[in-house]
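Visitor: Can you read through this structure? Questions will come right after.
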Amino acid sequence: MTVPTDFTTFMRNYQDMVYSTAARLTGNETQAEDIAQEVFIKAHEHWDSLRGSPTAGGWLKTVATNMSINHIQRYKKRWSFFSDLVHRDDEGEEKQVEFAAPDTFFSGVDSSERREWSERALEKLPPHQRVPLVLFHFEDMPYDEIARKLGVSLSKVKTDILRAREALAKILVRSGASHEAFQS
C-alpha cells in the first residue's frame, strides 16, 4: 500500500488494522478504540517521517501491539505469574496439555464466520492467556520475544499459549460450535 500524503487518508487506510490489533490483545472494544486513538496521535506526532514511508503499516502495528500490552499491564488486574510452575503427572513426568480441537475443527466454515467465532471466543480468555496467544498466532511473534515483552519466563509463555488453545476450543464448543458442526 502506498502511503498517502494527507493524514486523514493515512488514518482511514490503517484504522481497521490498528483497531483489530488492539481489540485482539485487549479483548475489549472500548479499550481498543482508545488505544487506536492513542496510536494515531503518536502517528501524527511522527507524521513527517511516516508520510512517505513504505513501512508505516508495520510501524503502526508495532505501536498498537506495544500500547495494547502496556495498557493491559498498567490497567488490568495484575497477573499472578508462576513462571516456574511445571505440571507433572503421577510419575513425575511433565504433563502435556493437549489441544482439545483437531486441526479440522473449522473445516467447512467460511472465513468470516470462523473469524467472528474466534474473535468472540478470544474475548472470553483471561488476559494472561489471550495476549501471548494473539502475539504468537496473529502477530507471528516468537515465544522468546513474547516472554521479553511480557516480562515472564519462556516456559510461562508456552504454558499460557497451550492453555489458551485448550480454553479457546472449550469456549467454541460451549458456544455451540460443536466439532461435528464444523465437519465438511
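Visitor: Looking at THR62 and the list (1) at pLDDT 85 or above; (2) under 30 Å from SER153 (Cβ atoms); (3) touching a helix residue (DSSP H, G or I) at 6+ places or on another chain (Cβ under 8 Å); (4) not small (Gly, Ala, Ser), which single condition is not satisfied?
Guide: In the conditions (1) at pLDDT 85 or above; (2) under 30 Å from SER153 (Cβ atoms); (3) touching a helix residue (DSSP H, G or I) at 6+ places or on another chain (Cβ under 8 Å); (4) not small (Gly, Ala, Ser), THR62 misses (3) alone.
Visitor: In addition: Look at segment 19-57 and say how many of its residues are surrounded by 21 or more Cβ atoms within 10 Å (Cβ to Cβ), over 18 Å from ARG130 (Cβ atoms) and among the β-branched types (Val, Ile, Thr).
Guide: 1
Visitor: What number of residues within segment 2-18 are within 15 Å of the chain's Cα centre (by Cα) and surrounded by 19 or more Cβ atoms within 10 Å (Cβ to Cβ)?
Guide: The qualifying residues number 1.
The values are calculated or read from the model by the stated rules, or taken from the named source; none is laboratory data. Predicted, not measured: the structure shown is a model, and the values here were computed from it. Don't worry about glycine lacking a Cβ; one is built from the backbone with ideal geometry, like all the others, and counts go over all protein chains shown.
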